[in-house]
Structure formats: structure tokens, C-alpha cells
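What follows is a set of notes on a single structure, which appears directly below.
What follows is calculated from the coordinates using simple rules that are stated; it is not laboratory data. Nothing here was measured: the structure is a model prediction, and the numbers come from that model. Quick reminder, even Gly has a Cβ in these numbers, built from the backbone with ideal geometry, and neighbours come from all protein chains shown.
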Amino acid sequence: MASQDEGWIKTTCAYCGVGCGIEARPKLSGELEIRGDKAHPSNYGKLCTKGIALGETVIHDGRMLSPTLKTEQGDVTISWDEATAKVAEGFTRTLREHGPESVAFYVSGQLLTEDYYVANKLIKGFMGSANIDSNSRLCMASSVVGHKRAFGSDTVPICYEDLEQAEMVVIVGSNLAWCHPVLFQRLRTAKQSNPALNIVVIDPRRTDTCDIANTHLALASGSDVALFNGLLAHLAEHNALDNDFIASHTTGFDDALSKAQDQAAQSQTDIEHITQLSTAQLNDFYHAFANTERVVTVYSQGVNQSSSGSDKVNAILNCHLASGKIGKPGSGPFSVTGQPNAMGGREVGALANTLTAHMEFDEPEHLRLVSEFWDTDNLAQKPGLKAIEMFDAIDSGKIKAVWIMATNPMVSLPNSEKIKSALTKCPLVVVSDCIAETETTRLADIVLPAQGWSEKSGTVTNSERRISRQRRILPSPGQAKPDWWIVSQVAKKMGYANAFDYQHEGEIFREYTHLTCVGNEQGQRDLNLIGLTHLNDQGYSRLTPQQWPVSQLQAQPVTQRLFGDGRFYTPDERARFIGVSFTAPIAKTDIQTPLILNSGRSRDHWHTMSRTGLSAKLAEHASEPYVQIHPKTAAQFSIKDNQLAWVTNPQGCTLVRANVTTDVSPQQLFMPIHWNETTAKNSKPCTLIANTTDAISGQPEFKHSSVSISPFISKSCAIFISNKTMSLSKTDSNIDYWVRQKVPQGYLYRIESSVSVSQLISELTPYLETQNHRQLSNESRKDGARWITLDKEHVTQLLFIQDRFKNSEIATMIEAFNQPLTLLEANEIVHDLSVDNDLFVSV
Ligand SMILES: Nc1nc2c(c(=O)[nH]1)N[C@H]1C(S)=C(S)[C@@H](COP(=O)(O)OP(=O)(O)OC[C@H]3O[C@@H](n4cnc5c(=O)[nH]c(N)nc54)[C@H](O)[C@@H]3O)O[C@H]1N2
Ligand SMILES: Nc1nc2c(c(=O)[nH]1)N[C@H]1C(S)=C(S)[C@@H](COP(=O)(O)OP(=O)(O)OC[C@H]3O[C@@H](n4cnc5c(=O)[nH]c(N)nc54)[C@H](O)[C@@H]3O)O[C@H]1N2
Ligand code: SF4
Ligand SMILES: [Mo]
């Protein structure tokens, strides 16, 4: 038996960009024990619910176990050798016949830096195409544009400590409490020890983040540019500018101010009108910002995922530059990253419009340096297509071969039907994932099993630019392989053996650190890892968290903020103000679609639920897809709390549970992004979201679609618990609604229908197991029918059908599930289920 402190392996959380350090230890049961790493400077031992539950999610339910060819006749298992040969042959042929514009990689912030680096090197360096984009396009692209426009580089200047050193923290379009919970805890603790810390939340919705806020500004959706332009004008008008900083370290101030003043001059009333905030609310906020020395502005998807996302970012950066609130302790703009390695992807350059290692396509010298470093004569010379353009090009047939890694675009890209049409038409769709059945793997020609968290090994970079190791802790199931290995095998088979002959992820990391130093001798670029270039395998294996730039390997975590010297990465080393003007979101409401749909995250689920969907504990917080709706709007549209409702627009429709709450404004609805066709019937907000984007960043406007809502009239309900997942298909027309929830030992399905109880019975009973199972049934109840399926001694299925269920009944069923028959017969549970035991018959 291991002692309290033996056997723990240090790694990093699988989820958000806070990048918490975790210690994990395998249990004999195959599960993992998890605890926070007290030595990690992101979290100092703290974890949130998702981090703590990681141990529950390393089960192998639903894992993809071997490379598979998807054919019309069904799935065919193939060897790695065959699979990588087929992928290599497919891409080689497409390149030969149609050129570099006909191929694409669509990758993800959930890849490790080593995976990302190799994928980017293969397509840009050797296939000669820059058609590689990441799901970071949906997430961080507007911030990248904002940073590059203002700073000349994609730099997050801040460190987490700044939140603790600030006197005011402005949180814009971020539900930090749910999405970056450990940072939120750090902020809450800072507020407890310094009650004077002023926290302002700017979000159309009331969220749990408001719990620690002094002020919540529920601005109109999409109006942030007007709000921050008003702030810039206020700073100028009230003598709150840092004129020395503006004069010595910036350019473009006059233009930015005049644009902001134009907005303010058409005047305060205009800003009030656009933002729907009162003069008092605006003035209080402006006054506090102007009169507080140390201010951090945290922002996230409420800013980035907008048709004016890039301008929103620069509107915020303008205010920090104008008041000199940057590069100083407790001060600065802070774009928090979403995925565990969103930052790493930006570093290696796995976006269509950047080259690599913070080098750019529009710098001939960078093209030369990278060609030389990779020893290639086929480096892509110009940017490729951004995610939305890429899927449009797949749909139009221009792109004929795509490789999707670690992302689920059928769920997460806007206009799901269009994505489906594109992937259905595309001659070659390769998908690398850990999970066999995702909406995207269903449309693949070849699927490749990747190692997941706890199996894979490499590095990730968090929101404060800190590089940490993710370490291998468990063996991987079946034939799952690291993503870098899969890409390298394909590269070798395409004829690039020399450039991809990696034996170990540490070699890739070392190569990447060297690349960050190329042409960077005078500190031309911020991203410089020279201090890590000498790491040998053992050093890599033991690597402790390092915040970049790394001039020297640090034994203890050190914290550094950037721009403290007022030097930026533009040619004249000055930051640039960018003049911005408010533009309204693209989707307009009208009589048919009078409401605005906002979408985002729920506390205990992660994206398309491939991992969090495996934890019974995490399923308890929100077990169904929902729509938040204001009581007035609910009354207007005849929708009752907890009733199912159709949310529709001409593009599509979804059916989700109404959650009537004053947290949203009367004009706005909010839907979570997590449920999709593998976990529910018809619940994806992306079905309703158009693929309109910010013109510069290409980031979709996920937070503002126009929709309508109407009640669903339910006549029958069922609760079906099974020890296996079931495929209730989208086409079962009488099952209008189903959603799957993980429960201990099985999966619970909530089902609702507009047909009668008896019709629903005939629809569902075919799903009962009969082979080698015994059934107890009670079909003569007035209000419905009940079945219990037994496998030897245990309940393996429970199916209850009636017109509605109380939550307490569902809780009792969950408890009864997978219990031995003797327990049922002891009557307690049978009694709780209010089933007359005599009525059970064995079949
Ligand atoms: N639990 C959980 N945590 C996660 C994730 C997850 O799936 N689950 N995903 C991770 C990822 S990849 C990301 S990118 C982050 C996202 O983290 P966040 O950006 O914090 O999350 P969201 O819920 O997408 O959106 C944040 C808020 O923006 C608000 N908003 C909408 N429109 C506007 C607007 O016009 N202006 C302003 N100011 N606000 C607006 C929404 O009401 C919402 O509350 O979370 C990360 N953390
Ligand atoms: N409506 C709406 N849509 C949104 C958003 C929104 O706010 N509203 N937010 C957007 C944002 S910010 C983001 S980041 C995206 C996220 O959207 P996605 O990236 O599509 O979501 P995930 O569920 O995280 O998909 C990751 C997939 O990769 C697999 N995977 C996990 N680890 C690995 C690995 O190591 N290797 C491989 N090969 N596979 C792996 C998982 O099983 C899963 O299927 O959604 C975007 N879409
Ligand atoms: S805050 Fe983010 S990184 Fe930290 S434990 Fe939670 S999900 Fe993981
Ligand atoms: Mo994200």
C-alpha cells in the first residue's frame, strides 16, 4: 500500500486555460486519485469541481480503440501501418492532383504543444499549404488580432498575481466563476483579504461571477465598443491620461480618441442608448477606472466571439494604454485563454494566418529563417483559410482532403447543417479523436485513436504564458497513440522521413525551443525559450512550470509581466492605439425572430461532453440542455419553468428545457453549448447560429443570433436507465426529446413525447434487453407502465413511462439501479417506486 505521499505524479489539468497543477496516482481499481499540486503557481493546490472529478473520467467507456476505415458496408478495423499509409496516400494524391490549396488540417487547443508543432510543420513546411486552423479561431482569434494590432505581437502581458495586486478588476464577457474557477477563487480570496478591491462585471447576463462583484453592468449584447470608447473619452476629459506614457511609448492616440469622442459626442445619450446602461452606471464605472491606479481588465468570449470582437479587444487595450495601466504590478488587460493549450497553439503558430513561433508570413526574413530551420524548400508562402472559410471551401469542393484533430466541428462550428453537408461531400475526412462516436467521427472516412489526458505526454501553456508538463500516468487502451506520433508516421510515409524522425516528445519540444531563438538574438520577438534549449530527456521529463520568455531555466517558479519597460514589438517599439467605432451585431431581430440567443458554458461540463459526460457527479449540476428565459418573456411566449421549449429560427430548431430566470434580460435567451446528438436529440445552439464572423479575426458571432421560442406540449414522459448507452436515434419521430445523463453504473435517459403514453410504450419497449435477461414488468398501471430488466442478480435496465415524473421519483430510480434483486425484493425500493410487488411478472 502506497503511503500518503508515494506514487503521485505531477501533471496539469485537462480542462481550462488556468492550467492548474495536479498530482495524480493510479488506484488498483484503474481509477485515478487526484489532488491539487501545492507547488504549482497557477493554483497552489486548489482545484475546481471538474479538476477534482478527473479521476472519474478516465474510464474507457466509448473510447476509440483502433484505427478504423468507415465504409458503406460498415466499420473495418485496420492496422496503424495501413491507416497511416492510407492517410499519407490520400493527402499525397490530393496534393498531386489539386495542389496545396486542396488540403487542410483543422486542429485544437486540446492538442499538446508537441502535437501542434508537428502538425503545423507538416502542412506548412512540407505540404506547402497554410490551410491549418485551430478551434482557437472560435475562441481566441479576436484577442490575437487585438494584441498584434496594439503590441505588434500576440502577447498577454499579465500574470495571475496581478489579480491579487489590483485595486480594481473589470471582468468583461467572462463567467470566470464557472469557466476559470480557480482564478475566480484566487480573486475571491483577494477580495476577502482586501474588501476595498472593486470588482465590476460587464455581461448582459447575471452569472455566478457577479457574486463577488461590487457592480454588475448588464450591457446590451454586443455594445462593448461603445462602452469602452466612452471610457477613453472620459479619461481624456477628466485628466486621467498618462500623457508621458502616451508620448514616449505609443502612436495613434489622437485618431483613437477622436473616434471615441465622436461616439461620446453623438453623445453620452448615444452610449446610453447603445449599451442600455444609465448615465449613473456609466459615470460610476468610468470614474472608478480613471481614479484607480491598479486596474486589471479580464475578458473572454463575450468580447472575442463577436462580429466586432477585434475592435472590442482594442477598445479595451486603448483604455489601458491611455492610462498607462499596463506592464505594472496589478495592472493590465488580461485575455484569459479557454482551452488547456490555446496559448501553446498560438505559440507554435497553428493558425492559418501565422507562420510559427511568433513569426509571420508577411516578413520575408521569417519565411527564410523557417525554411532554413526546417530544411525545406516547400514552405507555404501565404496565409491559409480560417476555420469558417475552410469549411466553406470544403463545402464548395475546393478543399478535398481534411484532417480533424481533437475537436468536434459538427457541434462547435456555427451552422451545423452546413458543416454536415461539407464533411459529407468531402472525398477524404480523417478524424483523430479519443472517442469513437462523436458527431464528427460519424462523418469520417478514416478515424484514428488518439491518447487522451493521463495517457499522453508533453507540454501546455496557460493563460499567463506558463509552460507546464502533462505527464503520462496510465497506459492507453487499445491501440491509441500520441497525436505527434500519428502525424509523424503520416509525414514519413509522405516522404519526409528526415524531418519527422522523432522518437520522443521531448525531441520535438527541444526543436521547437530552438526555433523560438532563430533570428531572435536581439530580442526581436517576445516568445523566446532559449533557457530551455539545453534540456536533455531527463530535464524535459522533470521540467517544472516555466513562464515565458525563458532566458534561463528556473528552478523555482518566477513571475514576470511584459511591457514593464514600455517597449513593444512593433517596428518603432511603440504600442499602437487603434481607432474603433461601435458596429451593431450582424443578426437583427424581427417579428419572426424577436429574441437574441446568447450561448456559452455551464459550470460542470466541458464543451461537447466527451469527458465530463462520463462523470455522474458532474452530471448533477445541470443534467439537461436548457434555455434561460426572463419571466416576462416566458409569460409572453406561454412558457412555464421546467417545460420543454422549441428555440427556432429559419436556419434550424432545438428543443430544450426552459429555465425561467431574471438572470437574463427580457430580450435575451441563453443556451449552453455542451449537449449534442450523442447526448441529446436536438439541443445544439450551433444549429441556430449563422456563420457570420468578425471581418478581421474570422471569429464567429456565437453570442448573438436572432431566434424565437415556443412551448412544447408534452403528453408522455419516460425515464430509462441502462447499464449501457443506447442509440435512441434522431429519426425516432415519436421521441421528440431525449437526453442522456451519466449515473453511477449506467446512463439515464429522460424522454418526452407529444404522443400518448401507450404510443410511447410501443416506441420504447424494443430497447429493452431480452437476451439472457429477465424482466419484471408492470403494464397494468393506470398512469403508465414499468419494466425492470435483470441480469442474473442485478438491475440492468429500468424503464418507467408515465405522463410526468417528480425529481424525487427519478432520484429513487437512480438509487435502485444496479442494485441486487434481493434489495429490490426486500421491498424498500419497490415500495419507493410505488409499484405493487405482486404485479411484477417474470417473463
Ligand atoms: N465549465 C467550463 N469551463 C470552461 C469551458 C467549458 O466548456 N466549461 N471551456 C473553456 C473555454 S474553451 C473557453 S473559451 C472559456 C470561455 O469562458 P467564458 O468566456 O467565461 O464563457 P462563456 O460562457 O462562453 O461566455 C462568457 C460570458 O459572455 C457573456 N456575453 C455574451 N454576449 C456578451 C457581450 O456582448 N458583451 C459582454 N461583455 N459579455 C457578453 C455571456 O453572457 C457569458 O456569461 O471557458 C473555458 N472554461
Ligand atoms: N454556440 C457556441 N459554440 C461554440 C462556443 C460558444 O461559446 N458558443 N465556443 C467555442 C469555443 S471557445 C471552443 S474552444 C469550441 C470547443 O469545441 P470543440 O473543440 O469542438 O469541443 P471539444 O468537446 O473539446 O472537442 C474536443 C474533441 O477532441 C477529443 N480529444 C480530447 N483530447 C484529445 C487529444 O489529446 N487528441 C485527440 N486527437 N483528440 C482529443 C475529444 O474526445 C473531443 O471529441 O467551441 C466553440 N463553439
Ligand atoms: S480551474 Fe481549470 S485548470 Fe483548474 S482545475 Fe478547474 S478546470 Fe482544471
Ligand atoms: Mo474556447
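When only the Cβ of Lys, Arg, Asp and Glu is charged (+1, +1, -1, -1), the dipole of the range 9-56 relative to its Cα centre reaches about 120 debye. When MET726, MET127, MET343 are arranged by Cβ crowding within 10 Å, least crowded first, meaning fewest neighbours, the order is MET726, MET127, MET343. Between VAL370, GLY600, MET813, the Cα set farthest toward the positive side of the dipole of the chain (charges on each charged residue's Cβ, about the Cα centre) is that of MET813.
If R0 is taken as 22 Å, the Cβ-Cβ distance between THR376 and LYS425 corresponds to a FRET efficiency of 0.10.
Per-residue Cβ neighbour counts within 10 Å put SER488, SER278 in the sequence SER278, SER488, beginning with the fewest.
Here the range 140-335 is described by how far its Cα atoms reach on the three principal axes: 40, 35, 32 Å, from widest to narrowest. Distance between the C-alpha centres of the range 309-343 and the range 375-415: 29 Å, rounded to the whole angstrom. Residues within the reach of a label modelled at GLN592 (point 7 angstrom out along Cα to beta-carbon, backbone nitrogen below 18 Å), restricted to the range 701-718, are 705-710. Take the Cα of GLN192, step 7 Å toward its Cβ, do the same at GLN745, and the gap between the two points is 3.9 nm.
Rounded to the nearest 500, the helix-only mean residue ellipticity at 222 nm of the chain stands at -8000 deg cm²/dmol, with each DSSP H run of n ≥ 4 adding -39,500 (n - 2.57). In plain terms, if you count all Cα to Cα distances in the range 246-377 and split them into 5 Å steps from zero, the share in each step is 2, 8, 12, 16, 19, 14, 11, 9, 5, 2, 2, 1, 0 percent. Across the options SER754, LEU776, PHE720, the greatest Cα extent toward the positive end of the charge dipole of the range 652-808 (unit charges at beta carbon of Lys, Arg, Asp, Glu) belongs to LEU776.
Note on the chain: dipole from Cβ charges, positive end direction compared against VAL103, LEU183, THR678; the farthest Cα belongs to THR678.
Straight-line cross-link partners of LYS420 among the lysines, defined as a Cα under 19 Å from its Cα and at least 8 positions apart when in the same chain: LYS70, LYS386, LYS398, LYS400, LYS681, LYS684, LYS730. Within the chain, antiparallel bridges make up roughly 60 percent of the DSSP beta bridges whose residues both belong there. Per the Cα gyration tensor, the range 716-831 maps to an equivalent ellipsoid with semi-axes of 21, 15, 14 Å, ordered largest to smallest. Residues of the range 463-504 with the amide nitrogen closer than 11 Å to a label point 7 Å from the Cα of ARG35, along Cα-to-Cβ, please. Output list for this probe position: empty.
Could you tell me the center-to-center distance, by alpha carbons, between the range 593-632 and the range 235-307 in angstrom? Answer, in whole Å: 33.
A straight Cα-to-Cα reach below 14 Å connects LYS312 with the aspartates and glutamates ASP203, ASP224, ASP694, GLU701, residues fewer than 8 places away in its own chain not being considered. Near MET64: Cβ cut-off under 15 Å, other residues only, Lys/Arg at +1 and Asp/Glu at -1. The net charge is -2. Checking every one of the GluC sites (Glu not before Pro) in the range 482-522 against DSSP loop status and a limit of 11 other Cβ atoms within 10 Å picks out GLU521.
Charges were assigned to the Cβ only: +1 to each Lys and Arg, -1 to each Asp and Glu. The resulting dipole of the range 595-711 about its Cα centre is roughly 140 debye. Between the alpha-carbon centres of the range 136-214 and the range 769-790 there is a gap of 53 Å. With contacts taken as Cα pairs under 8 Å and at least 6 residues apart, the chain reaches a relative contact order of 15 percent. Compared with the direct C-alpha span, the chain from GLN522 to THR822 gains 100.4 nm at full extension, assuming 0.36 nm per residue. When you restrict to C-alpha pairs under 8 Å that are six or more residues apart and normalise by the size of the range 716-831, the relative contact order lands at 28 percent.
Among the trypsin sites (Lys or Arg not before Pro) within the range 704-791, those in coil by DSSP and having at most 16 neighbouring Cβ atoms inside 10 Å are LYS715, LYS724, LYS730, ARG781, LYS782. For the chain, the Kirkwood hydrodynamic radius from C-alpha pairs, put into Stokes-Einstein at 4 °C and a viscosity of 1.567 mPa s, yields a diffusion coefficient of 46 µm² per second. Residues whose amide H lies under 5 Å from that of SER599, counting only those 5 or more places away or on a different chain, are MET671; hydrogens are built 1.01 Å from N in the peptide plane.
Computed over the range 746-812, the quotient of the alpha carbon radius of gyration and 2.2 N^0.38 Å is 1.11. For SER396 and GLN479, a Förster radius of 35 Å and the Cβ-Cβ distance give a FRET efficiency of 0.50, rounded to the nearest 0.05. Here the chain is assigned +1 on the Cβ of each Lys and Arg and -1 on the Cβ of each Asp and Glu. Its dipole about the Cα centre then comes out at about 400 debye.
Couplings 3J(HN,Hα) for the range 512-520, derived from phi with the Karplus relation 6.51 cos²θ - 1.76 cosθ + 1.60 (θ = phi - 60°), are 5, 4, 5, 4, 5, 9, 5, x, 10 Hz, where x marks Gly and Pro.
What base-10 log of the normalised intensity I(q)/I(0) is obtained for the range 481-520 from the Debye formula, alpha carbons as equal point scatterers, at q = 0.17, 0.21, 0.30 Å⁻¹? Calculated log10 I(q)/I(0) at the listed q: -0.49, -0.68, -0.98. Mean projection of the Cα convex hull over all viewing directions, computed for the range 550-687: 14.9 nm².
Going from the residue with the fewest nearby Cβ atoms within 10 Å to the one with the most, CYS13, CYS517, CYS48 rank CYS517, CYS48, CYS13. Net charge of the neighbourhood of LYS400, taken over other residues with C-beta under 13 Å away and scored Lys/Arg +1, Asp/Glu -1, is 0. Among the trypsin sites (Lys or Arg not before Pro) in the range 605-703, which ones are in a DSSP loop with at most 10 other Cβ atoms within 10 Å of the Cβ? Mind listing them? Loop-located and lightly packed - none at all. Go ahead and run the numbers for FRET between HIS534 and ASN239, Cβ-Cβ distance against an R0 of 51 Å, rounding to 0.05. After rounding, the FRET efficiency stands at 0.50.
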